[in-house]
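Q: Take a look at this one; I'll ask things after.
The values are calculated or read from the model by the stated rules, or taken from the named source; none is laboratory data. All figures in this text were calculated on a predicted structure; none of them were measured in a lab. Backbone-built Cβ (ideal geometry, glycine too); neighbour counts: all protein chains shown.
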Amino acid sequence: MEESLQAFFLFWLAGLAIIVGLMLGFFSKQSPIRRFGMVLLTVGTLSILATPWTLSFSPSSSFGHFLGSILGPSVLLGVGLYNIAFSGHVPVGRLSESDKRAGFVMVLIAMLWFEGMHWWVLTPTYPDDINRYWLIFWPTLLVVTAFASFVVYYIVKTVGDERYQEQRLLLTLFAFTSLLIILGLLRDGPHVESTHFAEEFWLAGADVFGLMVGAALAILLFALVLSIYEAQQPLPKQLDPPTTHQLEEAAKHIAKHVGGVNEDE
Amino acid sequence: MSEPTGVSKLSNLLLASLVIPSAFLALTFVLHPGVGEGTLVRFANSMLTSFTMISFLLLLTLFVYGDARKRPMTPFFGMLLCGLFGTALSLFFLSQGDLLMEDNGSVRAQALSNIIRFSTTVIACAIAALIVLGMLFASLMHTPPARLEFEEE
């Protein structure tokens, strides 16, 4: 098969399958379609993860390698946080104390794994250089985590009632990510120099701002399209006002079911 | 001092959302004054790609909206036009010489590179949301349920 056709089927079509699978899997009301969506999602993800072997000639395969590199810590993080959350005060299906401890260990390993990818020998390298998508991902993750933790801290402080523990936790997370950013800007890692990190961090800022502006414009247009469509719809048929007989019947039913309580009872 | 109103809380929130990333970027510029090359190009590429991709994603959500609305065609065409407009705009600007080109040899390569970079940024944002909201949720679930205390009669 021609190389570009191979890349189309094994990478781009797989990417489309992931998006369509996600939409069908999460939004469809019919369970066979939901299952089909999940199958599409799994097949698409596996196809992209396999690109370092199936499309080794294409530059797009770096993305597959990058996805494979962050899969481990991301899954550990998700499962760990799930274990911690559902071993708390949940009325049904509460997890055990050992699940909670396992959750803490998983989150800790995930954090150390991510750190090791910048500060130790675990940096994703493909084929001989550092994976360029890792260089986009890491600064973006740091800046968005710092930003989101501060914004959520502010929301919890404003809306929450005596949520001091959550506020402390979010501030700690903000301080931790800020420290990582500052360290990355000041000190060279074994594979990524501070100047390189600074360049990528700056461009990650441009990426995130661009993404936010583009997304806001698209959502605004989406709302506009729907509101114009809804405004053009004819009003639903108005019912006639109730007759005296209907009102009397309703009064009878209400009197039967809503009784007053005597004070001496 | 008066209590902050809803509007002032919202404006404070917006201010905080702008100040935090801006402060980090300012710090980067102070520590490494050489950075900044290609910022506008990256911003424009990211904005156009995000607009186009999210328009198409919202187009897909209209299938769900259609379930409750007898499958109307008008909003579907509206969002399709938005997506196509974004695509046309991206291709137009990418084909204007070096205006939006980065380290790629052709318009197609640049467009595909933009899509992969957009995906990488979205994955980073999703994991950041998982960390922040997951920790918040886990903490909330470990707070003992509030008890109502009544005064003795």
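Conditions (1) over 30 Å from B:Ser55 (Cα atoms); (2) out of contact with any Phe, Trp or Tyr (no Cβ under 9 Å at 6 or more places or on another chain); (3) in a loop (DSSP other than H, G, I, E, B), marked per residue:
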{"position": "A:Ala175", "(1), (2), (3)": "yes, yes, no"}
{"position": "A:Trp202", "(1), (2), (3)": "no, no, no"}
{"position": "A:Val208", "(1), (2), (3)": "no, no, no"}
{"position": "A:Asp240", "(1), (2), (3)": "yes, yes, yes"}
{"position": "A:Leu247", "(1), (2), (3)": "yes, yes, no"}
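Q: Checking A:Asn83 against (1) buried (at least 20 other Cβ atoms within 10 Å of the Cβ); (2) closer than 26 Å to B:Leu57 by Cβ; (3) modelled with pLDDT of 85 or more, only one condition comes out false. Which one?
A: (2)
Q: Follow-up question, since we're still on this one. Exactly one condition in (1) charged (D, E, K, R); (2) assigned to a helix (DSSP H, G or I); (3) facing chain B (nearest Cβ under 10 Å) is not met by A:Arg35; state its number.
A: (3)
Q: A further question follows. Has the stretch B:6-23 got any residue that is surrounded by 17 or more Cβ atoms within 10 Å (Cβ to Cβ), within 9 Å of another protein chain (Cβ to nearest Cβ) and without any contact (Cβ under 8 Å) to a residue 12 or more places away in the chain?
A: yes
Q: Hand me the list of helices (runs of 4 or more DSSP H) wholly inside the stretch B:1-107 holding 2 or more residues that are within 19 Å of A:Trp202 (Cα to Cα) and either in contact with a Leu (Cβ under 9 Å, 6 or more places away or on another chain) or modelled with pLDDT under 85 (or both). It would help to see each step written out before you state the result.
A: Values: elements: B:6-31, B:39-67, B:74-94.
Because the criterion is at least 2 residues that are within 19 Å of A:Trp202 (Cα to Cα) and either in contact with a Leu (Cβ under 9 Å, 6 or more places away or on another chain) or modelled with pLDDT under 85 (or both), the helices (runs of 4 or more DSSP H) in the stretch B:1-107 that meet it are B:6-31, B:39-67.
Q: While we're here: Please go through the stretch A:54-73 and pick out each residue that is farther than 12 Å from A:Tyr126 by Cβ and part of a helix (DSSP H, G or I).
A: A:Thr54, A:Ile70, A:Leu71, A:Gly72, A:Pro73
Q: Would you confirm whether or not the stretch A:129-148 contains a residue that is within 12 Å of chain B (Cβ to nearest Cβ), in contact with a helix residue (DSSP H, G or I) (Cβ under 7 Å, 6 or more places away or on another chain), free of Cβ contacts under 8 Å to residues at least 40 places away in the same chain and β-branched (Val, Ile, Thr)?
A: yes
Q: Can I ask one more? Would you pick out the residues in the stretch A:91-140 that are under 17 Å from A:Pro73 (Cα atoms), touching a Gly at 6+ places or on another chain (Cβ under 9 Å) and not in a helix (DSSP H, G or I)?
A: Scanning the stretch A:91-140 gives A:Trp120, A:Leu122, A:Thr123, A:Pro124.
Q: Would you pick out the residues in the stretch A:20-33 that are without any contact (Cβ under 8 Å) to a residue 12 or more places away in the chain and crowded, with 16+ Cβ neighbours inside 10 Å?
A: A:Phe27, A:Ser28
Q: Say whether the condition of being surrounded by 15 or more Cβ atoms within 10 Å (Cβ to Cβ), part of a helix (DSSP H, G or I), touching a helix residue (DSSP H, G or I) at 6+ places or on another chain (Cβ under 6 Å) and not hydrophobic (A, V, I, L, M, F, W, C) is met by at least one residue in the stretch A:7-16.
A: No, the stretch A:7-16 contains no residue that is surrounded by 15 or more Cβ atoms within 10 Å (Cβ to Cβ), part of a helix (DSSP H, G or I), touching a helix residue (DSSP H, G or I) at 6+ places or on another chain (Cβ under 6 Å) and not hydrophobic (A, V, I, L, M, F, W, C).
Q: When the stretch A:188-244 is examined, which residues are found to be in contact (Cβ under 8 Å) with a residue 40 or more places away in the chain and either closer than 30 Å to B:Gly86 by Cβ or among the basic types (Lys, Arg) (or both)? Write out each step before concluding.
A: First pass over the stretch A:188-244, keeping only residues in contact (Cβ under 8 Å) with a residue 40 or more places away in the chain: A:189-192, A:196-197, A:200-201, A:203-205, A:207-208.
The answer is A:Glu200, A:Phe201, A:Leu203, A:Ala204, A:Gly205, A:Asp207, A:Val208.
Q: Look at B:Gly97 and say whether it is on the phi > 0 side of the Ramachandran plot, among the small types (Gly, Ala, Ser) and surrounded by fewer than 20 Cβ atoms within 10 Å (Cβ to Cβ).
A: Here the answer is yes, as B:Gly97 does meet what is asked.
Q: Does the stretch B:31-45 include one or more residues that are within 27 Å of B:Arg108 (Cα to Cα), among the hydroxyl-bearing types (Ser, Thr, Tyr) and either surrounded by 15 or more Cβ atoms within 10 Å (Cβ to Cβ) or touching an Asp or Glu at 6+ places or on another chain (Cβ under 9 Å) (or both)?
A: Yes, the stretch B:31-45 contains a residue that is within 27 Å of B:Arg108 (Cα to Cα), among the hydroxyl-bearing types (Ser, Thr, Tyr) and either surrounded by 15 or more Cβ atoms within 10 Å (Cβ to Cβ) or touching an Asp or Glu at 6+ places or on another chain (Cβ under 9 Å) (or both).
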